Amino acid sequence: MRLIHLMRALTVELDLFGAEFASRNNLHPTDLRALIHLLDAARAGQVVTPGRLGEALHLNSAGTTGLVDRLERLGLVRRERDPQDRRRVLLTVEQRAMDLGQGFFGTLIAQLVAAMGEFDPSELKAVRRFLETMTATVTAAAREPLSP
């Protein structure tokens with residue numbers, strides 16, 4: 001159970017760090033989750049439509065529209081027509097959002113990377129496998145219906 005408690009503590013600290021970023025930039029926590037989702041998708045070479053973003057964040061259509069409108073108004077994302085299907089809208093993270101994130105999280109990321117230097121490649125491989133398995137387990141549990 002000690003590992004579970006350590007993961008929870010790390011999650012709380014990262015959530016507090018993200019909440020501070022959101023607060024300083026007049027963002028709702030869901031705005032931050034949306035930006036993270038869009039950045040991760042871009043890194044993976046995936047396109048995201050408003051519908052897919054809403055599904056990922058468990059938002060209805062109206063909530064998703066409000067979210068995207070807010071992020072667009074803040075200059076953090078833009079809507080673009082899909083060149084292959086002009087009826088479809090794609091979401092793209094603006095450079096301004098990346099600059100804000102780098103300015104706030106850059107030092108922490110550098111510190112995390114430096115701390116990883118304390119581990120040899122086989123340890124990091126085990127940690128990566130552990131974190132991937134834990135993430136998949138939580139993701140699967142979140143999709144299961146809640147018991148009464």
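FYI, it's all coordinate maths here, none of it is from the lab. Computed from a prediction, not measured in an experiment: that's the story for all the values here. Heads up, the Cβs are rebuilt from the backbone with ideal geometry, glycines too, and the neighbour counts pull from every protein chain shown.
Below is a table of values for the structure above.
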| read-out | value |
| --- | --- |
| Extreme residue, positive dipole direction of the chain, given options Phe21, Ala140, Gln46 (C-beta unit charges) | Gln46 |
| Pairwise label distance in nanometres, Leu74 with Ala115, each label 7 Å out on the Cα-Cβ vector | 2.5 nm |
| Region 96-119-region 16-83 distance, computed between alpha-carbon centres (Å) | 20 Å |
| Dipole of region 34-148 [Lys/Arg +1, Asp/Glu -1 at C-beta], most positive-end residue of Pro121, Ser61, Val77 | Ser61 |
| Charged-residue dipole, Cβ positions (Lys, Arg, Asp, Glu), region 1-80 about Cα centre, Debye nearest 20 | 60 debye |
| Angle between the chain longest axis and helix 121-143 axis [Cα atoms, degrees, rounded to 10] | 50 degrees |
| Between helix 61-73 and the chain: long-axis angle, C-alpha atoms, 0 to 90°, nearest 10 | 90 degrees |
| Dipole magnitude of the chain, debye to nearest 20 (Cβ charges: Lys/Arg +1, Asp/Glu -1, about Cα centre) | 420 debye |
